[in-house]
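Each value in this text was obtained by applying a stated rule to the coordinates, not by laboratory testing. All of these numbers come straight from a predicted model, not from anything done at the bench. Because the Cβ atoms are built from the backbone with ideal geometry, glycine has one as well, and the counts that use them run over all protein chains shown.
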Amino acid sequence: MTTSETQEAGGERLLMIPGPVPVAESIREALAQPTLGHRDPQFVAHFRSALQKLVQLVDAADALPVVVPGSGTLAMEMALLNTLPVQAPILIATQGVFGDRMRQIADTLGLETDEVRAEMGQAVTPEQLQAALQQRRYDAVTLTHVDTSTGTMVDLRAVAGVIKAQQPEALILVDSVCATGGVPEYMDAWGLDLILTGSQKALGLPPGLALLIVGARAQAARRALPRVPSYYGDWERWRPIMENPDGYFATPATNMVVALDQALAMIFKEGPETRFARHEAMALVLRRGLAELGFEAYPALGHQAPTLSVLRYPAGVDAASFLRGMYNQGIVIADGIGQLAGKVCRIGHMGNIGPREVLQVVEAAERVLVREQSNGKARGVVLAVLKDMGLNVT
Ligand SMILES: Cc1ncc(COP(=O)(O)O)c(C=O)c1O
């Protein structure tokens, strides 16, 4: 079925927003299995295996994985709540809406926040962090690996290196909601203390899980806190379950955990490095195709994330009618958010999407913008680039 046929049939649309993402069939099948009890040995085995694979995905030897029902924002809150006492000084590196959200959470928790802000369309640079770290001592620095509002990706290894060199005792806490599973993250090698994400992005699951991978120093920081002003959000209460899932603290999202095990199995079957390369390739192909129609990447070169594209419209294109046109063609993409609302569109290409989905997006955009004058030029570009890469549309 073509996308327009799907739409005419009133059928399912292709979800190409930067999360939630389309969910692969085998993951949907895992989700649709009869619900298991949380003490069922089959469920316990899935949970144990998912937790092991999660830690393996980010190369963290002694980390505690924490997977709870919730979303990325809960994971952000838990990261701060469990590592920092009230009034602790913390540096927030922000390159968009989600760095700003981290600051709002830190303010809500009574931390003393300073921020280092990237230039618009850029990620925070090692130089900016170096300068900020020379001003004051911090207990922690937060980073957004990929900010979904701007499509920018921080050079995590370089930035973490600067933090380690300047203030080795500061914890490095990384919001990887739009990154984990789609781009390389080597927690131990890069000296990261905590990585957090949500299920609905590059892991390729539906929304519903908050995931944290907590390194040894972050675990020690929690143990040093006299109290944590949250019951559900205190990872020490979850720890026994994460160390041995055959128990109960609060009911896990059992179907989602079974699906997480399947999503991670898919990642390891494909091979993480192959998967990261696929994300790079799909980003490149999509941007080349849409460039043919006059779209321009919003983030500066060298700052562009492979998990989503944030694009300026061609001259004269009205944002609302373009988004509506795409929707009517069966493709759901997103408007800009924050300062970029109405100025850019955002297209997700993470998780388990491939050449077929990318081609569908470009074809739909071509139909919306060029209509009957279309000679399929953008489509041709996509096919040519895919061919150069040795990829076929299946
Ligand atoms: C980088 C980033 N951080 C945090 C969040 C918040 O996650 P959630 O919407 O799952 O609460 C998002 C959501 O898009 C995000 O992209």
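Residue by residue, what Karplus-based ³J(HN,Hα) values in Hz, rounded to whole numbers, does segment 268-283 have, using 6.51, -1.76 and 1.60 with θ = phi - 60° and x for Gly and Pro?
Here the 3J(HN,Hα) series is 6, 5, 5, x, x, 5, 5, 5, 5, 5, 4, 4, 4, 5, 5, 4 Hz.
Step through the residues of segment 291-304 one at a time and calculate ³J(HN,Hα) from phi using the Karplus curve (6.51 cos²θ - 1.76 cosθ + 1.60, θ = phi - 60°), rounding each to whole Hz and writing x for Gly and Pro.
4, 4, 9, x, 7, 10, 4, 6, x, 5, 4, x, 10, 8
What does the charge dipole of segment 25-269 about its Cα centre add up to, to the nearest 20 debye, if the Cβ of each Lys and Arg holds +1 and the Cβ of each Asp and Glu holds -1?
Value, rounded to 20: 320 debye.
Please check the chain for the longest run free of chymotrypsin sites (Phe, Trp or Tyr not before Pro) that are loop-located per DSSP (anything but H, G, I, E, B) and have at most 16 other Cβ atoms within 10 Å.
1-185
Could you give the size of the charge dipole of segment 1-147 about its Cα centre, using +1 on the Cβ of each K and R and -1 on the Cβ of each D and E, expressed in debye and rounded to the nearest 20?
With Lys and Arg at +1 and Asp and Glu at -1, about 360 debye.
Quick check: the angle from helix 41-57's long axis to the longest principal axis of the chain, C-alpha only, nearest 10 degrees?
Computed tilt is about 80 degrees.
Quick one: check the C-alpha center-to-center distance for segment 222-253 versus segment 342-371, whole angstrom.
41 Å
Identify, among VAL21, GLN262, VAL44, the residue whose Cα sits farthest towards the positive end of the charge dipole of the chain, taking +1 on the Cβ of Lys and Arg and -1 on the Cβ of Asp and Glu, with the dipole about the Cα centre.
Checking the options against the dipole of the chain, the answer is VAL21.
Among LEU225, LEU209, LEU143, which one shows the highest mean-square fluctuation when the chain is modelled as a Gaussian network with alpha-carbon springs under 10 Å?
LEU225
Where does the chain land at 222 nm, in deg cm²/dmol rounded to the nearest 500, when only DSSP H runs of n ≥ 4 count, each adding -39500 (n - 2.57), divided by all residues?
Dividing the helical sum by the residues of the chain leaves -13000 deg cm²/dmol.
Could you tell me how far the Cα centroid of segment 130-180 sits from the Cα centroid of segment 62-129, in Å?
Cα centres, segment 62-129 to segment 130-180: 9 Å.
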